[in-house]
Amino acid sequence: MDNFSNILIEKVKLDMNPFNRKVNVPYVKFRKANILRNDSTQHDWQHWGGYRDQIRQVLEQTLEHNRCGRGHILLLGAGNGNDVPISYIESIFERITIVDIDEKALDRFLAKSAHPEKYERAIIDLTGVGREVSSPDDLKEKVDDLLPKVDFSPLHPPFDVVMNLCFTTQLISAFFYRKKNRVVHTPEYSAQLDQLLERIHINIFESLRGLLASDGVIVHLTDTLLLQHMKTTGYTSPATFKTLELTGGNIRENLDLIYEHLPELAKQGLCLPGAFVHVHPQIMRLYKVELRFSLLWEFVHDEYEDRNYFVSAHVLTKL
């Protein structure tokens with residue numbers, strides 16, 4: 001890795017610590033539960049083709065750069081598979097394990113497969129606290145005391161590659177999809193949720209270290225910036241204004257420039273909750289960042305809204 005990347009990663013660790021950043025993206029706005037979210041995006045296979053191509057490029061370059069094997073890949077937060085380059089993965093790996101909390105979504109994933117015999121699937125709650133929390137009020141009362149423990153026992157390691165498919169910013173949001181959700185979201189409570197997300201990810205990454213093959217890698221993808229314009233109301237997300245200003249209106253061709261400015265954007269509270277928990281010091285004691293990528297996920301463009309996500313991908317190897 002070049003010096004610039006090393007310097008930037010160190011800056012990310014310092015400047016993007018969720019304890020320090022402002023919270024201008026309240027959790028209450030991310031309310032769709034996992035199953036409803038998967039239902040709402042189940043028909044987006046064709047629309048997300050460009051994003052899948054970017055994921056494929058990330059995986060191709062990761063395999064070229066690292067000595068990891070091609071035997072077994074684990075896809076965490078696989079959902080419907082609309083953001084997964086399925087045919088490419090099937091052409092490379094002998095075994096594929098897909099994980100989600102939504103069994104019907106995994107059914108839809110497998111319906112896209114040309115080689116279903118390669119697959120195992122597991123229904124796993126990646127929060128590790130789902131059974132302990134019954135409502136938003138319950139979460140608020142318990143948030144400081146929850147000790148996440150994700151049950152990976154249904155899996156059959158070792159894994160040569162683990163891909164975390166943008167589940168980070170969605171993990172806790174499912175708890176807030178309630179028609180009568182009246183939990184008050186203060187900056188203090190948002191900070192408590194940040195710390196819970198950290199504990200969840202520390203548990204996940206600690207567990208994954210024991211599931212990886214000796215030369216295994218983790219490809220951690222996470223949506224980092226919400227770039228949204230609501231046609232019905234005229235609302236435009238703050239991150240959209242900043243990135244358009246930064247790139248002279250050409251976001252697509254300047255993704256690496258946006259990445260370089262993420263510390264600044266994070267300090268302004270424009271990054272999505274949980275977007276940088278993978279660089280928590282407890283996780284960085286177990287892994288090092290080998291590669292990084294910047295992606296644009298063109299999520300939805302219809303008569304109601306234009307919504308994209310800036311997605312960052314980091315390839316981690318065991319120390």
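The values are calculated or read from the model by the stated rules, or taken from the named source; none is laboratory data. Remember, it's a predicted structure, so these values are computed and weren't measured experimentally. Counting neighbours? That spans all protein chains shown, and the Cβs are built from the backbone with ideal geometry, glycine included. Surface accessibility is based on the protein's heavy atoms, side chains included, excluding ligands, DNA and RNA. Shrake-Rupley method; radii C 1.70, N 1.55, O 1.52, S 1.80 Å.
Heavy-atom accessible surface of Asp151, to the nearest 10 Å², is about 90 Å², with a 1.4 Å probe and all protein chains retained.
Shape class of the range 77-204 from the Cα gyration tensor (axes a ≥ b ≥ c, square roots of the eigenvalues): prolate, since a/c reaches 1.5 or more and a/b is larger than b/c. Of the trypsin sites (Lys or Arg not before Pro) found in the range 265-307, the ones in coil according to DSSP and having at most 13 other Cβ atoms within 10 Å of their Cβ are Arg285. Distance distribution P(r), the range 170-319, all Cα-Cα pairs, bin width 5 angstrom from 0: 2, 8, 15, 18, 19, 16, 12, 7, 3, 1, 0 percent. In the range 77-179, a dipole from Cβ-located charges (positive for Lys and Arg, negative for Asp and Glu) runs towards its positive end, and of Pro157, Phe175, Ala111 it is Ala111 whose Cα lies farthest in that direction. Taking the Cα centre of the range 222-319 as origin and assigning +1 to Lys and Arg Cβ atoms and -1 to Asp and Glu Cβ atoms, the resulting dipole is close to 540 debye.
Just so you know, the Rg over Rh for the range 264-319 is 1.09, from Cα atoms, with Rh as the Kirkwood radius. Among the trypsin sites (Lys or Arg not before Pro) within the range 123-168, those in coil by DSSP and having at most 14 neighbouring Cβ atoms inside 10 Å are Lys149. The listed residues Ser113, Ser153, once ranked by accessible area (1.4 Å probe) with the largest placed first, stand as Ser153, Ser113. What pairs from Lys142/Lys288; Lys112/Lys149; Lys149/Lys288; Lys149/Lys267 go past 28 Å between their alpha carbons? In this structure, Lys142/Lys288; Lys112/Lys149; Lys149/Lys267 lie more than 28 Å apart at Cα. Among 196-204, 269-277, 209-217, the peptide with the highest mean count of other Cβ atoms within 10 Å heads the list, and the full ranking is 269-277, 196-204, 209-217.
Ranked by solvent-accessible area (1.4 Å probe, protein heavy atoms only, all chains present), the residues Leu255, Leu319, Leu110 order from largest to smallest as Leu319, Leu110, Leu255.
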